[in-house]
Each structure stands twice: as C-alpha cells, then as structure tokens.
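Trainee: Dumping the structure here so I can ask a few things about it.
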Amino acid sequence: MNDFWQAVSPRMTRNCRTRMQCLEWYITPTVARQWYAVRSGLSAACHHHTYDLPPTCAEVRAWHQDVTGLLRVLPRAMRQGIVGGMTHV
C-alpha cells in the first residue's frame, strides 16, 4: 500500500485514514470500500479491549484473502495509468 501511494502521491504515505478516504479516486469504489472494511476489521482486532472477542480464524482468513486481492489490483491500476477514471500523469 505504501508503494502504491509513494507512486501516486508521496504526501499520502503518512496518514492512513486520509489514504482510505481518497483510495476511491484511484481504484474502483467497490475495491476501495472492501479495503476500508478490511482495514477497519484489522485495526479493531489489533486494538481490542479485554471485553472484545478476538477475531475468528474465518475472519482472519477472509481479511488475508481480501488484502491479497487488493494488492493484486493496485499494481494493475498503476501500470494502466488509469486512476479513478482519469489519466494518471
């Protein structure tokens, strides 16, 4: 993800929340929403409280699949030069 943002906009490598909000401009909205959902789930799992249940094995596997899929989409978006329906210069 950092490599993607470094290529697209080096200033976007600092704030994860901002990157999540702007991702829809650079890849399809469906994939952007999927990434946001996965990022939210992983963040909640890493910052859980004692009263929270840990994630299930199925949840972790699903997050892994989703992240793997997204990592495949990002390089294609950069190689094509099409970003959010606009030509990336």
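Trainee: Taking region 4-24, which residues are more than 18 Å from Trp63 (Cβ to Cβ), assigned to a helix (DSSP H, G or I) and without any contact (Cβ under 8 Å) to a residue 40 or more places away in the chain?
Mentor: Listed by number, the residues that qualify are Trp5, Gln6, Pro10, Arg11, Met12, Thr13, Arg17, Thr18, Gln21, Cys22.
Trainee: Only residues that are surrounded by 12 or more Cβ atoms within 10 Å (Cβ to Cβ) and in a loop (DSSP other than H, G, I, E, B): list them for region 25-78, please.
Mentor: Of everything in region 25-78, those that are surrounded by 12 or more Cβ atoms within 10 Å (Cβ to Cβ) and in a loop (DSSP other than H, G, I, E, B) turn out to be Tyr26, Ile27, Thr28, His48, Pro55.
Trainee: Run Arg14 past the list (1) loosely packed, with under 12 Cβ neighbours inside 10 Å; (2) basic (Lys, Arg); (3) in contact with a Phe, Trp or Tyr (Cβ under 7 Å, 6 or more places away or on another chain) and report the number of the one that doesn't hold.
Mentor: That leaves (3) as the condition not met.
None of the figures in this text is laboratory data; all of them are computed from the coordinates on show. Only a predicted model underlies this, so the values are computations on that prediction, with no experimental measurement involved. All Cβ positions, glycine included, derive from the backbone under ideal geometry; neighbour counts span all protein chains shown.
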